[in-house]
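The values are calculated or read from the model by the stated rules, or taken from the named source; none is laboratory data. The shown structure was predicted, so the numbers you read here are calculated from the model rather than taken from an experiment. When we count neighbours, we look across all protein chains shown, and the Cβ atoms used for this are built from the backbone with ideal geometry, even at glycine. The protein model used for the area step is the full one, side chains on, heavy atoms only, and it has no ligands, DNA or RNA in it. Shrake-Rupley method; radii C 1.70, N 1.55, O 1.52, S 1.80 Å.
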Amino acid sequence: MDFMTDRDVQKYQEDGYVVMDGLLTPEECDQLRCRMAEIIDQMDIPKHCRVTFSTDHDEQLKKQGNADYFLTSGDKVRFFFEKGVFDDKGEFTVPRERSLNKVAHALHAWEPLYKEITHSPQVQGIAKKLGLQSPVIVQSMYIFKVMFLWFPVTPHQDATFLHTEPLGRVMGLWIALEDATVDNGCLWFIPGTHNGGITRRMVRTPEGTYPLTDFVGHEQDYDEEKFIPTPVKKGGVVLIHGQVVHRSAPNTSDNSRHVYAFHLMETKDTRWSPENW
């Protein structure tokens with residue numbers, strides 16, 4: 001029996017996203033979390049590489065857009081931090097396990113547990129059910145959404161950062177390793193926005209220029225009333241079309257909201273933009 005049903009496919013095609021329960025067992029979720037705890041315990045970050053992560057336009061340009069550490073992370077396992085977790089000397093102001101925004105972008109390549117999940121029969125079945133012929137993994141990340149560090153993820157489209165020609169060839173899989181609720185920062189979507197193209201792109205600037213990335217276009221202003229919350233149970237997955245508009249609110253709860261996410265791209269008849277970061 002297919003993990004993804006015909007109704008799931010229909011919802012994904014109509015809304016640009018769909019939630020499916022039970023992609024991972026609770027035990028598999030716990031294994032991924034335990035392995036990440038080991039990775040964090042062993043991390044050694046040079047002070048000049050202590051880079052915060054944001055989807056906000058101006059902050060991206062000031063922070064990760066200026067940082068070679070970010071731009072060269074596509075085939076490595078690197079660490080990206082929440083705002084306000086370092087003092088002016090680059091020292092942690094909070095416990096390191098509560099400092100991280102995400103670990104990215106090649107867990108699927110270097111960490112066996114994450115690789116196994118990323119290439120599991122269930123994930124392969126989803127790709128086949130959606131008619132993908134030659135999908136590849138373009139990035140993976142572990143996202144923390146730490147409690148009491150209340151920073152939101154602003155509205156955005158993944159294709160802003162992962163641009164293809166034609167559009168519509170990128171899909172995110174967002175796996176909840178803990179229950180994702182309205183209180184602890186679940187995703188919110190505007191259904192149907194995957195049909196409207198994109199309004200901005202993050203591109204590499206010419207070699208030798210500064211900052212290292214820039215944006216073409218700007219994010220639209222969105223009607224807050226159109227966003228729909230999307231809670232997910234532990235082990236569930238959200239499929240995210242590359243153009244659907246989504247965001248997450250701050251985590252104002254006492255609980256963390258750990259997630260393993262990765263993006264697939266259909267390579268058949270697709271051009272990956274050389275301007276992508």
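Quick notes on this structure:
- Members of region 230-271 found to be within 24 Å of Ala109 (Cβ to Cβ) and either β-branched (Val, Ile, Thr) or outside any strand (DSSP E or B) (or both), listed by number: Gly235, Val237, Val238, Ile240, Gly242, His258, Val259, Thr267, Lys268, Thr270
- Each residue in region 186-197 was checked for being assigned to a loop (DSSP other than H, G, I, E, B) and touching a strand residue (DSSP E or B) at 6+ places or on another chain (Cβ under 8 Å), and 3 of them qualify.
- Asp88 part of a helix (DSSP H, G or I), over 30 Å from Val244 (Cα atoms), of a type outside the set (Phe, Trp, Tyr) and at pLDDT below 95: no
- Residue count, region 111-137 (criterion: open to solvent by 40 Å² or more (accessible area, probe 1.4 Å), in contact (Cβ under 8 Å) with a residue 12 or more places away in the chain and either part of a strand (DSSP E or B) or over 17 Å from Gly172 (Cβ atoms) (or both)): 5
- Residues of region 153-177 that are under 12 Å from the mean Cα position of the chain (by Cα) and outside any strand (DSSP E or B): Gln157, Asp158, Ala159, Phe161, Leu162.
- Sole residue being within 19 Å of Arg271 (Cβ to Cβ), open to solvent by less than 40 Å² (accessible area, probe 1.4 Å) and outside any helix (DSSP H, G or I), chosen from Val146, Val203, Val216: Val203
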